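Okay, structure first, notes after.
The values are calculated or read from the model by the stated rules, or taken from the named source; none is laboratory data. These figures come from a predicted structure and were not determined experimentally. Methodologically, a virtual Cβ is constructed for each residue, glycine included, from the backbone with ideal geometry; neighbour enumeration extends over all protein chains shown.
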Amino acid sequence: MAKQKTLDMAVERKLDTVERYEFEPIKGYPMLRWTGKRPFRGTQYFPAQLKENHGEPVNGWMNRIYWGDNLQVMSHLLKEFRGKVDLVYIDPPFDSKVEYKKGISLRGKEVENDQSGFEEKQYSDIWSNDEYLQFMYDRLVLIKELLSETGALYLHCDWHKNHLLRCICDEVFGPGNFRNEIVWAYPGREMHITNKFNAKHDTIFFVAKSASVKINMAAVSVPYDREERLKGLRRKVHLDPDGREWVWETRGQSAGQEAYKRYVDEIIEDGKALNDVWDDVQFLRGNDPSRTGYPTQKPEGLIERIINASTSPGDIVFDCFMGSGTTQAVAMKLGRRFIGADINLGAMHVTTKRLLGVAKGVQEEAPQLEFPRDGEKEKVSIFYTGFSVYNVNQYDIFRNEVEAKDLLLQALEIQPLPGNSIYDGEKDGRMVKVMPVNRIATRADLSTLVANFDYKEFDRRQAKSPNKPVEHLLIVCMGHEPDLKAALQAGVPHKLDVEIVDILRDKQDLQFKREAEAKVVKTKKGELVIEQFYPMNLLQKLSMQKETVEDWRELVESVMVDWNYDGGVFEPKLVDVPDKNELVKGNYPIPKDAGTIKVKITDLLSEALEIELR
């Protein structure tokens, strides 16, 4: 207990930042305890860098998607959106003990061979001890701060941790704000398992910010089956002269009841109330045309139901575990504003590509779209199709954390310790811990490490050699708070020998990825032509040499061109994003008013090469 109190004091010291948000301690609610639990009482403001604009604002609003750790993204959003978000849907990691992969294959290839494809790690859902619970707890606290008083959270999970996440929701939001445990029992997916029943449902917790939460059940009523409803009426059905069916309905109470005529087709159209078991939404099959290839993608029908139930046109929808961008795509189609975030660069590219397609479709169909989807038959007359891409970090090095740790261990010549729940590796007698990548390491990141130290072994070592350190540590990070080392030493009642390696400062000469090569020219005919493109990391994964590339376009996911690049924000006016089995053109007419041209070529790994032509 004394060790944890010392750590909490170290973690809670104010950061030397321009701005910091404080939160009231959560009191009076049931609490779930775990090893290393720390209260989330404040966060610092993190700046964001605007990188790209796609489309134009509508009524002054541009949708936003952020690349970065969602804890830092939400800390950034607090300044502008605290108490303003109407709906949060998240499909976070489930602690499923699985590393999720995405199949990568050359475009246009009809025959599979050893050099046509491979599986790329996208993200890991493997957690040590109780770090998953702290991870989710911190983020749920910030989600609550962002929600409006009428806002709602829909938390998607499954059997791995839903019982614990329910406890955390009660602690953060209060038990009285829990509304439903929705069971999404998807049809199909029949499996024969010998040692347990077939798992065929996920859980979605519907949690309100307050008692005044917005909910429109009529917007998601389920249409009646005609014959089922007629049978359920249990009263005589009459016919109008034109053959239209009707029944007598009553309103009022007891003796004051009044009978009136009600048409059967109106009763059927009103539909039946939706319950908390959703067994009419199919999971996303492998051949579904909306499938992006991104792991754990959810069907649009599921998200559409949630958005319709808890928002109105123009409301703000937020998903900080964006993945393939399903929430953002559905929000755009339904005339809602949205914000999204993901730490995986592949997710950013998949979502950008998807939203460009949705925006094009909405713009073409908007004059005919009315979407009378809710109980009051509101029509969606405004669609927010423009969106901006931001970074909440400055470290454009790694696509995802799974890849990052492997690359860091290799580059620093660290011996991995795959079975160790505390350390990532060992080097020169030091135990190595790799901090979260693509962001600054903070004192809060140390708590899981400190909580899981083997203190019995530390006591034994101290008793044997009282004046020597009980552990020699190497902390690897990408930027860190100035007193990180002191905070770690102060948080443990033993002597530690700590060395910190900041790869941005101390190892700037390390090469974590090979840059792509390309030849892009402006011809005398007034055309922009991509003559060559060699993404070296992708070629390495495909075991290919530049000389064996038959058509560079097979390696490309998209080409975007800003004809008048201002040196700051990339605003592409030409977007070449082909369908799955098609190739980019690679040859584009240059507008007469073109100035500085910036070309962005994105390969199948979501790594981009940007070239400027004057």
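Scanning the stretch 354-368 for residues that are surrounded by fewer than 20 Cβ atoms within 10 Å (Cβ to Cβ) and closer than 23 Å to Q49 by Cβ turns up just one, L356.
In the stretch 293-306, the residues that are on the phi > 0 side of the Ramachandran plot and buried (at least 20 other Cβ atoms within 10 Å of the Cβ) form no Cβ pair under 8 Å with any partner that is modelled with pLDDT of 95 or more and not basic (K, R), whether six or more places apart or across chains. Regarding the stretch 382-394, can at least one residue be identified that is surrounded by fewer than 19 Cβ atoms within 10 Å (Cβ to Cβ) and modelled with pLDDT under 65? So far as the stretch 382-394 goes, yes, one or more of its residues are surrounded by fewer than 19 Cβ atoms within 10 Å (Cβ to Cβ) and modelled with pLDDT under 65.
Yes or no, residue by residue, for (1) surrounded by fewer than 18 Cβ atoms within 10 Å (Cβ to Cβ); (2) at pLDDT below 80:
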| site | (1), (2) |
| --- | --- |
| T6 | yes, yes |
| P39 | yes, no |
| N53 | yes, no |
| N59 | yes, no |
| N63 | no, no |
| M74 | no, no |
| K79 | yes, no |
| V111 | yes, yes |
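The single condition from (1) modelled with pLDDT of 95 or more; (2) surrounded by fewer than 18 Cβ atoms within 10 Å (Cβ to Cβ) that P572 fails is (2).
Name the residue that is nearest to L274 (Cα to Cα), counting only residues in the stretch 303-343 that are within 16 Å of the chain's Cα centre (by Cα) and part of a helix (DSSP H, G or I). The residue in question is I303.
Pairs meeting the criteria (first residue in the stretch 395-422 and farther than 15 Å from E99 by Cα, second residue at pLDDT below 80 and small (G, A, S), beta carbons under 6 Å, at least 6 apart or on different chains) are F398/A404; S421/S128. Only one of the listed residues (N129, N70) is modelled with pLDDT of 75 or more, in the same structural domain as Y384 (by TED's automatic domain parsing) and surrounded by 21 or more Cβ atoms within 10 Å (Cβ to Cβ). That residue is N70. In the stretch 73-88, the residues that are free of Cβ contacts under 8 Å to residues at least 40 places away in the same chain and closer than 12 Å to K144 by Cα form no Cβ pair under 9 Å with any partner that is in a helix (DSSP H, G or I) and not small (G, A, S), whether six or more places apart or across chains.
Of all residues in the stretch 81-104, those satisfying the criterion of being among the hydrophobic types (A, V, I, L, M, F, W, C) and either surrounded by fewer than 22 Cβ atoms within 10 Å (Cβ to Cβ) or closer than 30 Å to E119 by Cα (or both) are F81, I90, F94, V98, I104. Checking each residue in the stretch 312-342 for being of a type in the set (F, W, Y) and buried (at least 23 other Cβ atoms within 10 Å of the Cβ) picks out F318, F338. Taking the criterion of being of a type in the set (D, E) and at pLDDT 85 or above, the only residue of the stretch 286-303 that qualifies is E300. Checked against the criterion of being within 27 Å of the chain's Cα centre (by Cα) and either over 23 Å from V389 (Cβ atoms) or in a strand (DSSP E or B) (or both), the stretch 588-598 contains not a single residue that satisfies it.
Yes or no: L106 modelled with pLDDT of 90 or more and of a type in the set (A, V, I, L, M)? When the stated conditions are applied, L106 does not pass them.
Just checking, how many residues over the stretch 272-302 are in a loop (DSSP other than H, G, I, E, B), of a type in the set (D, E) and closer than 24 Å to V380 by Cα? The qualifying residues number 0.
Okay, residues lined up against (1) assigned to a loop (DSSP other than H, G, I, E, B); (2) under 27 Å from Y137 (Cβ atoms); (3) touching a helix residue (DSSP H, G or I) at 6+ places or on another chain (Cβ under 8 Å):
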site	(1), (2), (3)
Y423	yes, yes, no
M431	no, yes, no
R460	no, no, no
P482	yes, yes, no
V498	no, yes, yes
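Residues considered: K464, K525, K546. Of these, the only one that is over 30 Å from W563 (Cα atoms) and charged (D, E, K, R) is K464.
Candidates in the stretch 508-549 are the residues that are basic (K, R) and surrounded by 15 or more Cβ atoms within 10 Å (Cβ to Cβ); of these, the one that is modelled with the lowest pLDDT is K513.
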